[in-house]
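Working notes, beginning with the structure itself.
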Amino acid sequence: MMMFDLPDSQTLYAALLARDAAYDGRAYVGVSSTGIFCRLTCPARKPKYENCQFFDTPGACIEAGFRACKRCHPLSAAAGNDPMVQSLLAALDQRPAYRWAEGDIVALGHDPSTVRRAFKRQFGITFLEMARQRRLREGFTALGAGEPVIAAQIDAGFDSPSAFRAAFARLVGIAPGAFRKDAQLLVDWIDTPLGAMLAVACQHRLHLLEFADRKALPREVAKLQKRQPGGLGFGRPAVTDQAAEELARYFSGQTARFETPLAYHGTAFETEVWRALRDIPVGQTRSYGALARDLGRAGASRAVARANGANQIAVMIPCHRVLGADGSLTGYGGGLWRKQRLIEIERSLAAAATEPAQRAKA
């Protein structure tokens, strides 16, 4: 089942409150205040609606940065009666910080290709991807809580500080030991249904917002540091909280209105393009050529495309609303599958906004 086959978030929240067994195995809830995801029948105290994100698979919950609940065991429930999957989940619970490899799967008496297919079928991600996400998230959480690098390394299950620094550097381009306690720019993690995002903000503005698996993220962080010297630190200012709340409302289909104050780190032309992107009505798209004409710069479609690609604030500056001249999806740093999902979300929002007017005419 795909995410868009799920009922709206209000319906799912009502099912959560009622512990409706009809949704067991069909929908899961991630709770942003705890970082945990559950079955809708979980006996734990129910979270507030604004802290809930709903997903169609456990794998989507894990990719968004949530950990499995220890009361309702959503992974075990999704695994059904498959003893191989159940045994591997139990092994992962026993050694969450271990660096799992295919050799370990073989040592447990399983065929790696069979395990890969089974986990993909049940959860949408492989066993090794599940283990890797868990390790990295635990390390990031430890750093965000103010733990030293060595503690974060241990929490994330890396064999040495150098290995942890290398893994973290691949994610953001900066070794964790280089982060500063007195920095003006603070980094934190925002969970979304399309995957974890990294946010960089000061006390007044959001400077960067990108999906954590974007390959260009280290380059974007380096570019930001050149424009905004003073280093980076870990933390969550009010601006990041505001961004997280607005993103939650966006992904739950409530609104595409973003009021988080943004910092535009670009040339005058790039800033002009980024503002024009925000002026494209929700549910609509433009070609690069059409956007150039809107700016009074007909013939500058390539320059517009470059400015589009230089955008460092995903979703809120909606570069996903720009398509090729033939209407096809074109390059998107977060992945074309995410671009398609974002366009679908906004078309649904636009359609919902026009329904009252259509009913009034009828």
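Taken over region 45-71, residues that are assigned to a helix (DSSP H, G or I), within 14 Å of the chain's Cα centre (by Cα) and not β-branched (Val, Ile, Thr) amount to 4. Against the conditions (1) part of a loop (DSSP other than H, G, I, E, B); (2) more than 22 Å from residue 214 (Cβ to Cβ); (3) modelled with pLDDT of 90 or more, residue 327 satisfies every one except (3).
Return the total of residues in region 210-230 being within 10 Å of the chain's Cα centre (by Cα) and buried (at least 18 other Cβ atoms within 10 Å of the Cβ). Residues in region 210-230 being within 10 Å of the chain's Cα centre (by Cα) and buried (at least 18 other Cβ atoms within 10 Å of the Cβ): 3 in total.
Within region 250-271, the only residue that satisfies the criterion of being free of Cβ contacts under 8 Å to residues at least 24 places away in the same chain, part of a helix (DSSP H, G or I) and not hydrophobic (A, V, I, L, M, F, W, C) is 271.
May I ask you to say which residue of 347, 338, 286 is in contact with a strand residue (DSSP E or B) (Cβ under 8 Å, 6 or more places away or on another chain) and closer than 21 Å to residue 253 by Cβ? Of 347, 338, 286, the one residue that is in contact with a strand residue (DSSP E or B) (Cβ under 8 Å, 6 or more places away or on another chain) and closer than 21 Å to residue 253 by Cβ is 338. Restricting 38, 42 to residues that are more than 15 Å from the chain's Cα centre (by Cα) and in a strand (DSSP E or B) narrows the list to 38. Once region 38-63 is narrowed to residues that are in contact with an Asp or Glu (Cβ under 9 Å, 6 or more places away or on another chain) and among the charged types (D, E, K, R), the residue that is modelled with the highest pLDDT is 39.
The values are calculated or read from the model by the stated rules, or taken from the named source; none is laboratory data. Not measured: the values here are computed from a predicted model. Positions of Cβ are generated from backbone atoms using ideal geometry, with glycine treated the same way; all protein chains shown enter the neighbour counts.
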